[in-house]
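In what follows, a single structure is set out as structure tokens and then discussed.
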Amino acid sequence: FFFSSRRRHTRQRSVSWARRCVQETGDNWYVVESGNLTCTKRFAPNQEPKFLKEYKPGEAFGELALLYNAPRAANITAKTDCTLWCLDRETFIGIVKEAAMKKREKYEEFLKGVPILSTVDPYELASITDAVKPFEFKAGNTIIKEGEEGSTFYFLEQGEAYATKVLKPGEEPKTVMQYRRGAYFGELALLRNAPRAASVIAKTDCLCLSLDRHSFKRLLGPLDEILKRSTEVYEKYMKKNQAQHYYPPY
């Protein structure tokens, strides 16, 4: 629908396998119709390029250079023969930029204030901003449930939530942790490939930004040690076998 109403501004581009299709100058925004492409970035002059993501049909790339009028931040290479839809700079700016910038600025401003992300570079932060998806939860709704398979990691952007856990078989779940704006949860199941260790329930209406398992591993992999330290704090608390209000050190 998006392209059908703007056909004169778009064109198809076929890309042969192993051909680099995004050069230094950002002139187009691309949507993949068919084929697969890989995204790599060199983080230091003498380092080998690092794999960041594989693009598949239906996904888009190339907006960073257009949004910020800057050189390309990464290389996109065709892994197979590909067909791409291209939207030129002028049309992209006129149609997409305002909405995209508002979303990016809103989420990026919030994510900058999350201490665990204080060490990521601007490109990594932009990648996380692009990957997160917003989810709203009404007060009393369960965000994650103890014992279920974990496939999502959450940042709490708005509202308050609390975690409950069954400390002894046969007993009612007890409150073990409180969450406020800037908190994160759901990492235990993803770090350990294990079921959810506790339930998280919205105390007030909440807005969460989520990362799926694949994006979590790809984008937050370098932060594993920081996440594990937070996990150790949680485990020490659990060993006390007490139910009390506790705010972890974010």
If the limit is 21 Å between Cα atoms, which of K50/K103; K106/K133; K112/K138 go over it? K50/K103; K112/K138
Quick one: what do you get for the range 47-140 if you divide its Cα Rg by 2.2 N^0.38 Å? 1.25
Note down the accessible area of D88, probe 1.4 Å, to the nearest 10 Å². 40
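If contacts are Cα pairs under 8 angstrom and at least 6 residues apart, what is the relative contact order of the range 25-110 in percent?
Details: 147 pairs, mean separation 33.6, N = 86.
Computed value for the range 25-110: 39 percent relative contact order.
DSSP loop chymotrypsin sites (Phe, Trp or Tyr not before Pro) in the range 27-94 with at most 13 other Cβ atoms within 10 Å of their Cβ, which ones?
The qualifying sites are F43.
The values are calculated or read from the model by the stated rules, or taken from the named source; none is laboratory data. Bear in mind that the values here come from a model prediction, so they are computed numbers and not experimental data. Backbone-built Cβ (ideal geometry, glycine too); neighbour counts: all protein chains shown. For accessibility, only protein heavy atoms count, side chains too; no ligands or nucleic acids. Shrake-Rupley method; radii C 1.70, N 1.55, O 1.52, S 1.80 Å.
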